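Student: Below is one structure. I have some questions about it.
The values are calculated or read from the model by the stated rules, or taken from the named source; none is laboratory data. Keep in mind the model is a prediction, meaning the values are calculated, not measured. Positions of Cβ are backbone-derived with ideal geometry, glycine not excepted, and every protein chain shown enters the neighbour counts. Areas reflect the complete protein model, heavy atoms only, side chains present, ligands, DNA and RNA absent. Shrake-Rupley method; radii C 1.70, N 1.55, O 1.52, S 1.80 Å.
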Amino acid sequence: MSSSDLSRAVEILPDRLYYVPLRSMPKETATAHFFSIDSSLVYWNFFLDFGPLNLGQLYRFCSTLNSKLQSDRHKRKVIYYFSSTHSHRRANAAFLISAWSMLYLNKGAAEAYRPFDNVYPPFPPFH
């Protein structure tokens, strides 16, 4: 992972929580903690669709993220929620972090999604 990879990070909570697509699992540092749900919360497609993830998976994501934000171990670290760079994983990740923002930061849908307005490449639409 290079510093240019983190330059694409989308800020969710200033100086605390970011989302970033990465090609590989980064190493934790003294100032940064990285986590992904790509392999633990998997969408079971119906036909050619790829998401969004279901409410149970959203609950598990929110629980995981909240525990990381409240953890004494990570209280002085920037938390990076990351996904692979695959477009479907990126779209599902944006959905999860935006839904979390609506539920726990009391943001409206447009406000929660605003950090992703100019993301490139754009997300594919859900079917």
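Student: In the stretch 86-127, which residues are among the polar types (S, T, N, Q) and outside any helix (DSSP H, G or I)?
Tutor: Step one: of the stretch 86-127, the residues among the polar types (S, T, N, Q) are 87, 92, 98, 101, 106, 118.
Hits for the stretch 86-127 are Asn106, Asn118.
Student: Would you please name the residue that is farthest from Arg89 (Cα to Cα), looking only at residues in the stretch 25-42 that are out of contact with any Ser or Thr (no Cβ under 6 Å at 6 or more places or on another chain) and at pLDDT below 85?
Tutor: Met25
Student: For the stretch 67-111, give me each residue that is open to solvent by 50 Å² or more (accessible area, probe 1.4 Å) and hydrophobic (A, V, I, L, M, F, W, C).
Tutor: Phe95, Met102, Leu103, Leu105, Ala109, Ala110 - these are the residues of the stretch 67-111 that are open to solvent by 50 Å² or more (accessible area, probe 1.4 Å) and hydrophobic (A, V, I, L, M, F, W, C).
Student: Being open to solvent by 30 Å² or more (accessible area, probe 1.4 Å), modelled with pLDDT of 90 or more, assigned to a loop (DSSP other than H, G, I, E, B) and of a type in the set (Val, Ile, Thr) is the requirement here; does Thr64 meet it?
Tutor: On the way: open to solvent by 30 Å² or more (accessible area, probe 1.4 Å): yes; modelled with pLDDT of 90 or more: yes; assigned to a loop (DSSP other than H, G, I, E, B): no; of a type in the set (Val, Ile, Thr): yes.
Considered against the rule, which asks whether it is open to solvent by 30 Å² or more (accessible area, probe 1.4 Å), modelled with pLDDT of 90 or more, assigned to a loop (DSSP other than H, G, I, E, B) and of a type in the set (Val, Ile, Thr), Thr64 comes out as no.
Student: Within the stretch 67-107, which residues are under 19 Å from Tyr120 (Cβ atoms) and of a type in the set (Gly, Ala, Ser)?
Tutor: Of everything in the stretch 67-107, those that are under 19 Å from Tyr120 (Cβ atoms) and of a type in the set (Gly, Ala, Ser) turn out to be Ser83, Ser84, Ser87, Ala91, Ala93, Ala94, Ser98.
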